[in-house]
Amino acid sequence: KQEVTQIPAALSVPEGENLVLNCSFTDSAIYNLQWFRQDPGKGLTSLLLIQSSQREQTSGRLNASLDKSSGRSTLYIAASQPGDSATYLCAVMQGGSEKLVFGKGMKLTVNP
Amino acid sequence: KAGVTQTPRYLIKTRGQQVTLSCSPISGHRSVSWYQQTPGQGLQFLFEYFSETQRNKGNFPGRFSGRQFSNSRSEMNVSTLELGDSALYLCASSLNYYEQYFGPGTRLLVL
């Protein structure tokens, strides 16, 4: 059974810091991995999708990497801003199903 | 391009009642999935539909059911509501085994 872990559960940093968010999964047979952002009481916003054959994806200040063999993904946020404050979730999809298995998320607070 | 829409956004029901939630996917997306989000359990998969067929189902009791229509719109139904069904219900659509886009969710409160 696939399990996804995100540690730590919360992080508070001053504005301007470069951040690394970690995600680990137990079964390396994944189809893809997706990072999401969730603002309080809202739905999920897709940030980056990494296919199993890819090593990384970039969008603006965000960069996500994937190491399937070790069961890890990292989301890098450059030059953090207060507007980056949200809960970040990673989720993996395995073959044969659109089912996403989510981590519990990491609540990020960026202080001005 | 319009995003995923869900209606209603908020619902208050009492125990024993039933509820129907609706999801309209992004135009052209034929795959729709449903998730339940609670503070204790996080995001849990309910079911997924593709071209009106349920492809996969999560580990929820039979009180939770769903369907998909020919225009890809989907509904989920919860019968005999329990207090523990209070949650944010999220719907996602995709082009089929690709990036999933989520709607704003329906917040259900069971009293």
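The values are calculated or read from the model by the stated rules, or taken from the named source; none is laboratory data. This is a predicted model, so every value here is computed, not measured. Using ideal geometry, Cβ is built from the backbone for each residue, glycine included, and neighbour counts are taken over all protein chains shown. Side chains included, ligands, DNA and RNA excluded: accessible areas come from the protein's heavy atoms. Shrake-Rupley method; radii C 1.70, N 1.55, O 1.52, S 1.80 Å.
Summed over both chains, the accessible area lost when A and B associate is about 1700 Å², using a 1.4 Å probe. The residue among B:GLY40, B:GLY105, B:PRO8 whose Cα reaches farthest toward the positive pole of the charge dipole of the protein assembly as shown, with charges on the beta-carbon of Lys, Arg, Asp and Glu, is B:PRO8. Give the distance, in whole Å, between the Cα centre of the range A:30-64 and the Cα centre of the range B:37-111. What the calculation gives is 21 Å, centre to centre. For a test of the definition: using alpha carbon positions, the gyration tensor, and the 1.5 limit on a/c, classify chain A as rounded, prolate or oblate. Because a/c hits 1.5 or more and a/b exceeds b/c, chain A counts as prolate.
Amide H to amide H, with H built 1.01 Å from N, A:LEU47 comes under 5 Å of A:TRP35, A:PHE36, A:ARG37, counting only residues 5 or more places away or on other chains. Taking label points 7 Å from Cα along the Cα-to-Cβ direction, B:SER79 and A:THR26 give a separation of 3.4 nm.
Does any residue of the range A:75-107 lose at least 40 Å² of accessible area with all protein chains in place compared with its chain alone, and if so which ones (probe 1.4 Å)? So the qualifying set is A:SER97, A:GLU98, A:LYS99, A:LEU100, A:PHE102, A:LYS104. Shown for the range B:44-81: residues covered by the partner protein chains by 20 Å² or more of accessible area relative to the chain by itself (probe radius 1.4 Å), namely B:PHE45, B:GLU48, B:ASN56. Using a cut-off of 20 Å between Cα atoms, the listed pairs A:LYS1/A:LYS107; A:LYS68/B:LYS57; A:LYS42/A:LYS107 include A:LYS1/A:LYS107; A:LYS68/B:LYS57 as exceeding that distance. Only protein atoms count toward the accessible area here, which uses a 1.4 Å probe; on the range B:38-79, the carbon and sulfur part of that area reaches 44 percent.
Assuming a ≥ b ≥ c are the square roots of the Cα gyration tensor eigenvalues, decide whether the range A:9-48 counts as rounded (a/c under 1.5), prolate (otherwise, with a/b larger than b/c) or oblate. Oblate, since a/c reaches 1.5 and b/c is not below a/b.
Within the listed set A:GLU15, A:GLU56, A:GLU98, the Gaussian network model of chain A (springs between alpha-carbon atoms below 10 Å) gives the highest mean-square fluctuation for A:GLU98.
Averaged over the residues of A:44-53, the number of partner chain Cβ atoms lying within 10 Å of the residue Cβ comes to 3.
Based on protein heavy atoms only, the range B:12-111 ends up with 44 Å² per residue of surface accessible to a 1.4 Å probe. Our coupling estimate for the range A:26-43, obtained by passing each phi through the Karplus curve with A = 6.51, B = -1.76, C = 1.60 and θ = phi - 60°, is 8, 10, 6, 7, 9, 8, 7, 9, 10, 9, 10, 10, 10, 8, x, x, 10, x Hz, Gly and Pro reported as x. Mean projected area of the convex hull spanned by the Cα atoms of the protein assembly as shown, taken over all viewing directions: 12.2 nm².
Taking the protein heavy atoms of the range A:8-112 in the context of the full set of protein chains, the accessible area attributed to carbon and sulfur is 48 percent at 1.4 Å. Taken about its Cα centre, the protein assembly as shown carries a charge dipole of roughly 480 debye when the Cβ of each Lys and Arg holds +1 and the Cβ of each Asp and Glu holds -1. When both bridge partners sit in the range A:14-112, DSSP labels roughly 95% of those beta bridges antiparallel. The alpha carbons of the range B:38-111 give a radius of gyration and a Dmax of 12.7, 37 Å, in that order. Counting only protein heavy atoms and a 1.4 Å probe, the range A:1-100 has 46 square angstrom of accessible area per residue.
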